[in-house]
Amino acid sequence: MAAEGAITDDGPARADSGRARALLTRLQRLTLQLGQALSVEDVLEVMVTTVGEELAADFVSVWLLEGPDPRTLRRVRDVGVPSDVMADWDAVADDERWPLAWALHHHELVEWSDREERRTRFPAVPEDSIRHEAHLVAPLAVQGRDLGGIVFGFAEPRTFDPEQREFMRAVAGQCAQALHRAHLHERLTTERERAEFRAGVGQVLVRSLDEQQLIKQLAEMAGPSLADACVIATVGEEGQLHPVASAHRDPTKRALLDQLVALQEPVRNPYLLKAIEAGEAVVLPTVHPHTLDDVTLSAEHRELLDRFGATSAIAAPLRAHDETHGVLVVVNTSEDRQLTDEDVSLVDSVASQAALAISNARAHGHVRELSEQLEGALDSRVVIEQAKGVLAERYGEDPETAFDRLRHAARSSHESIHVTAEAVLAGRVRP
């Protein structure tokens, strides 16, 4: 211990302590902003702006493991990246020849101070894809689950000292935690919305016994809730598929959807017909150009399809009691909405509910039609009996002879017995 009044050279220690406090303050500030971001989009925005500014990076790019291939890193947000550089770089393979994949596999930072060092460490990276000198690549992982990575680029060569590396590890950890929380929040929100949607659909389908009305209401609900657009087609008496209702969440595309539906009369879409024939949902995770080739009917139709811009779709048969009534089709027209197994399950569930409701509505319609026929037959019988009585009294005949007279008059006038009987009662006919 130094004696009281002794002169000590503690300048470097104070400088290190001050720098550590500054880094801690910056980390706390970033943690606060990330904690206030509830959605994934909000978290990504903080990552590419605030985090990048704190590190004085010239560009920031965030890549996540998502999409159809769970081991493909996809670029989801960036700032400061030249558009011509990243135009062909929307995804990279899970291959350690790429810095992102290496960082994620080893759960370690990847850094290089200039292009020459990068060429030595990662020669597989195309030369024209890297415009900046120094880079820092941090993996994003939480609770043993890999999420992706974040890349920082610097225009000038530079090195990173141990404190800066430790700061970056802490920042990456906070970013991963924020992304994880945001994903959980969005999933819980989605599950709640789906539960509310199921309940709403159930109420609509139970309340209505009018087939056309319930189909129209279902399309209006399913359009914005299940995807971007919805089309419902039913099987006619001749066995062909006819579109009967459609809806789109975007009013500007509603008219375009109506035009497409009008050209599909009757429906000849092979994917919809396949769903009907197979009795199970047909899922198109991605609508490719060759997919459009399969459904195109004419040059006009193809032009409308291109403008509509479908990105994914599900066609689920409306099947109940071993009978297929039609097909429920939901379509996404935004790259931001990707199909999940939960989406397919929900569409299947709604299609099953709708099929039962259609069966009930049709059964109710048949009963009502039969009842009306029986009532009509009963009314007709009453009129005929009254006319027989009038004729029997008028001509002093028995009921059978009076009925023969009424039947002969009907044949002579080419009218039904019921119409002739009404004419007799009204005094217009005297057979």
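The values are calculated or read from the model by the stated rules, or taken from the named source; none is laboratory data. Keep in mind it's a predicted model, so treat the numbers as computed, not measured. Every residue, glycine as well, gets a Cβ built from its backbone with ideal geometry; the counts of neighbours run over all protein chains shown.
Do we have Arg187 as free of Cβ contacts under 8 Å to residues at least 12 places away in the same chain and closer than 20 Å to Gln338 by Cα here? When the stated conditions are applied, Arg187 passes them. Can you confirm whether the range 323-342 contains a residue that is more than 21 Å from the chain's Cα centre (by Cα) and farther than 30 Å from Asn360 by Cα? Scanning the range 323-342 turns up no residue that is more than 21 Å from the chain's Cα centre (by Cα) and farther than 30 Å from Asn360 by Cα. Selection of the range 124-135 for residues being closer than 17 Å to Trp98 by Cβ and surrounded by 21 or more Cβ atoms within 10 Å (Cβ to Cβ) yields His132, His135.
Checking each residue in the range 136-152 for being surrounded by fewer than 22 Cβ atoms within 10 Å (Cβ to Cβ) and over 28 Å from the mean Cα position of the chain (by Cα) picks out Gln143, Gly144. In a residue-by-residue description of the range 135-142, the property of being within 27 Å of Ser39 (Cβ to Cβ) and of a type in the set (Gly, Ala, Ser) applies to at least one position. Residues in the range 5-61 that are over 43 Å from the mean Cα position of the chain (by Cα) and modelled with pLDDT of 85 or more: none.
If only residues of the range 94-113 that are surrounded by 13 or more Cβ atoms within 10 Å (Cβ to Cβ) and either farther than 22 Å from Glu166 by Cβ or polar (S, T, N, Q) (or both) are counted, the one that is nearest to the chain's Cα centre (by Cα) is Asp94. Restricting the search to strands (runs of 3 or more DSSP E) fully inside the range 170-289 and requiring at least 2 residues that are more than 22 Å from the chain's Cα centre (by Cα) gives 241-248.
Within the range 238-250, the set of residues being of a type in the set (Asp, Glu) and farther than 16 Å from Leu273 by Cα comprises Asp250 only.
Residue under question is Glu156, and the condition is that it be at pLDDT 90 or above and surrounded by fewer than 17 Cβ atoms within 10 Å (Cβ to Cβ); does it hold? Against the criterion (at pLDDT 90 or above and surrounded by fewer than 17 Cβ atoms within 10 Å (Cβ to Cβ)), Glu156 qualifies.
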